[in-house]
Amino acid sequence: MTLPKNTPHSFCKAFIQRELDSYRDKHIWMSYWPVMENMIQRADDLSQPFEELVKEYGYMDMLEQAPPNNSYIWLTLEHIWCSIDFRKEDVMQARKDLKELKELQGDIVSLALNLASKLRRQSELYEKSGFSKADYQFIDDLLEQASQNNSLYHFHVAEKIKSLTYQYDLKYWPEISDLVTAIAEFEEEQPDPNHSQYPSNVINGRESDIKDFVLAFDSKFDEFNGLPTNFRFSNGAMADIINVVLELPVEKLATGDAVRIVRNRFKQS
């Protein structure tokens, strides 16, 4: 399909339609179909972002020109319909997930330290009390049990581990309690996780439809992902994108001034 190159509006609209038809033929990315349909239906409301794209990169069709410039319009338009993932409820869920991850990290540290303490006490009792286990559980037994459903371990690793246990006696191997302690220490040293879609100033900030969307949307142009580096839509074009993608009601429409305030406030973050 040859795209019309008479106006940015017709070019971008046809571009989105071609991609949508391709998605439907392959039955992929179904969650984005409604957004793409809405972008086509409301193409007049996206005239400004379309004009800014074509002004910056020309009528670049990925099927005609050479890379990498030929992909900029395609990837940026794709970024627009994928930005439905920046809606408020998705960001809120990401914040909830991060909170749970931090709580789990704390629980793992606490439980691992508690378990390590009990394992050490158990070892002391077996050494001093006169009681003994029927089979001494060495570290290779622990690995064997943990990997009982892992065929790759049994085919490629198990024999090598076994051979090492026959070469070196117990003093060369960590105690199980030390392994559990290491789990606690490992977890405690881990930095806060990064989200694949949202920058930290979105995840750690207050809830806001426009702020979160703008920060998440703009941040993608600063990453190594194929998008044009450091590109930004104008404040007005960004507002148009938000209104169409999120289908905001009239009383909550984003404005260029609102986008400008967000960008000015967070431009150093």
Odd one out for GLN105, checked against (1) farther than 30 Å from GLN197 by Cβ; (2) polar (S, T, N, Q); (3) under 34 Å from the mean Cα position of the chain (by Cα):
(1)
I need the full set of residues from the stretch 218-237 which are in contact (Cβ under 8 Å) with a residue 40 or more places away in the chain and within 16 Å of LEU46 (Cα to Cα), in order please.
PHE233, SER234, GLY236, ALA237
Selection from the stretch 1-29 of residues touching a Lys or Arg at 6+ places or on another chain (Cβ under 9 Å) and open to solvent by 80 Å² or more (accessible area, probe 1.4 Å) yields MET1
Any residue that is within 30 Å of LEU143 (Cβ to Cβ), polar (S, T, N, Q) and loosely packed, with under 15 Cβ neighbours inside 10 Å - is there at least one of those in the stretch 179-191?
yes
Only one of these is among the acidic types (Asp, Glu), part of a helix (DSSP H, G or I) and closer than 21 Å to ILE84 by Cα: GLU52, GLU56. Name it.
GLU52
Among the residues of the stretch 217-247 satisfying the criterion of being farther than 14 Å from ILE80 by Cβ and under 25 Å from the mean Cα position of the chain (by Cα), which is least open to solvent (accessible area, probe 1.4 Å)?
SER219
Candidates LEU143, LEU77 - the one that is out of contact with any strand residue (DSSP E or B) (no Cβ under 9 Å at 6 or more places or on another chain) and under 27 Å from VAL245 (Cβ atoms)
LEU77
Options ALA184, ALA237; residue that is under 30 Å from GLU103 (Cα atoms), part of a helix (DSSP H, G or I) and either of a type outside the set (A, V, I, L, M) or at pLDDT 90 or above (or both)
ALA184
Cβ-Cβ below 8 Å, separation at least six or inter-chain, first residue in the stretch 14-40 and among the charged types (D, E, K, R), second open to solvent by 40 Å² or more (accessible area, probe 1.4 Å) and at pLDDT 95 or above: which pairs?
GLU19/GLU78; ARG24/TRP33
Selection status of TRP74, at pLDDT 95 or above and aromatic (Phe, Trp, Tyr):
no
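The values are calculated or read from the model by the stated rules, or taken from the named source; none is laboratory data. Computed from a prediction, not measured in an experiment: that's the story for all the values here. Virtual Cβ from ideal backbone geometry, glycine too; neighbours counted across all protein chains shown. SASA here: full protein model, heavy atoms, side chains in, ligands and nucleic acids out. Shrake-Rupley method; radii C 1.70, N 1.55, O 1.52, S 1.80 Å.
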